[in-house]
Amino acid sequence: MPNFDGLLRRLFGQSGWAPKALLGGALCFVPVVNFLAFGYLLEYAFRVKATHELDLPEWSELGWSDLFFRGLQFAAIFLATFLGPLLAGWLASGILDMLTFGMLGYLAYAPLGVMAFIAPPLFLASLHLYVRDGMFADAWNLRQTLRLAMMLGKPLLIPILAFWGLMALALPLYGFAFFLGSWVLIAYSTALFVSVSPGHQPSF
């Protein structure tokens, strides 16, 4: 099982990560153009899976049209497995708050809080199923997605807390926070998935 602290040191200890991450974060602020940043993150997931190398690739190595197409795929998975559960939790919380006439206060938003911890493992599991064999249809295998998410939900607890903490602290700079947080989650979750895959010897 990879060590989260050690992985963070490796990610942020590599040379030249800051300009690449800053560009990705800046692109996240711009509608439509943000698909390029999403595509970059997906391409990074493929490279980590294939090479076990955690370095961010150079933007100049990647074709913009390929990044945009990858970004559309990333966005589709993200909408279905991350934003979808969050929206369901928000709606459930709103209904609960309405039915109790606001008497529960913040407790009414417990469903949203639960979904905030369920959505990231679902998204990462779905993303991994696509990256594993390069078959986009695999990302929509609900049974395998749920199995992987439940298997690795506990190891992902601290990284998920760190992700939401970063998003909350850097809310005005949400583009940079999202890109950095997603980069870390993808790197760590890929290391986790590789470590539990039969026949693989992780070198993270």
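The values are calculated or read from the model by the stated rules, or taken from the named source; none is laboratory data. Given the structure is predicted, the values throughout are model-derived calculations rather than measurements. In this analysis, Cβ positions are derived from the backbone assuming ideal geometry, glycine residues included, and neighbour counts consider all displayed protein chains. For the accessible areas, the whole protein counts, side chains as well, though only heavy atoms, and no ligand, DNA or RNA atoms are used. Shrake-Rupley method; radii C 1.70, N 1.55, O 1.52, S 1.80 Å.
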Quiz item: Measuring from label point to label point, each 7 Å out along Cα→Cβ, what is the L142 to S65 span in nm?
Solution: 3.6
Quiz item: In degrees from 0 to 90, rounded to the nearest 10, what is the angle of the helix 4-13 Cα long axis to the longest principal axis of the chain?
Solution: 50
Quiz item: When the chain is fully extended, how far beyond the present Cα-Cα distance does E58 get from S195, taking 0.36 nm per residue of separation?
Solution: 46.7 nm
Exercise. Taking H placed 1.01 Å from N in the peptide plane, check which residues at least 5 places from V33 or on another chain put their amide H under 5 Å from its amide H.
Key: none
Practice problem: Take the solvent-accessible surface of the protein heavy atoms, probe 1.4 Å, and return the percent of it on the chain that carbon and sulfur atoms account for. | Solution: 71
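What does the extension gain come out to for T100 and A50, with contour length at 0.36 nm per residue minus their alpha carbon separation?
Details: separation 50, 0.36 × 50 = 18.00 nm, distance 5.10 nm.
Difference between extended and current length: 12.9 nm.
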Quiz prompt | Stretchable slack from Y174 to V33, in nm (0.36 nm times residue separation minus alpha-carbon distance) | solution = 49.2 nm
Exercise. May I ask you to list the residues of region 68-92 whose amide nitrogen lies under 11 Å from a point 7 Å from Cα along the Cα→beta-carbon direction of W164?
Key: none
Self-check item: Peptides 184-194, 59-69, 45-55 ordered by average Cβ neighbours within 10 Å, highest first
Solution: 184-194, 45-55, 59-69
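Rounded to the nearest whole Å², what accessible area per residue is found for region 72-204 with the 1.4 Å probe? If you can, show how the numbers build up before the last one.
Numbers: 6890 Å² over 133 residues.
Value returned for region 72-204: 52 Å² of accessible area per residue.
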Self-check item: With Cα atoms, 0 to 90° folded angle of helix 64-78 axis to the chain main axis
Solution: 30
Quiz prompt | For region 17-109, fraction of C-alpha pairs farther apart than 18 Å, in % | solution = 57
Quiz prompt | Under Karplus coefficients 6.51, -1.76 and 1.60, residue-wise ³J(HN,Hα) of region 38-48 in Hz, glycine/proline x | solution = 4, x, 4, 5, 5, 4, 4, 4, 4, 5, 4
Exercise. For region 122-137, take each phi angle, set θ = phi - 60°, evaluate the Karplus expression 6.51 cos²θ - 1.76 cosθ + 1.60, and give the result in whole Hz per residue in order, putting x for glycine and proline.
Key: 4, 4, 5, 5, 4, 4, 5, 4, 5, 5, 3, 10, x, 9, 4, 4
Quiz item: Which value in deg cm²/dmol, rounded to the nearest 500, describes the helix-derived mean residue ellipticity at 222 nm for the chain, given -39,500 (n - 2.57) per DSSP H run of n ≥ 4 and division by the residue count?
Solution: -23000 deg cm²/dmol
Quiz prompt | Answer label for Rg and Dmax of the Cα atoms in Å (calculated), chosen among (1) 17.3, 56; (2) 16.8, 51; (3) 15.5, 45 | solution = (1)
Quiz item: Order of 164-177, 90-103 by packing, highest average Cβ count within 10 Å first?
Solution: 164-177, 90-103
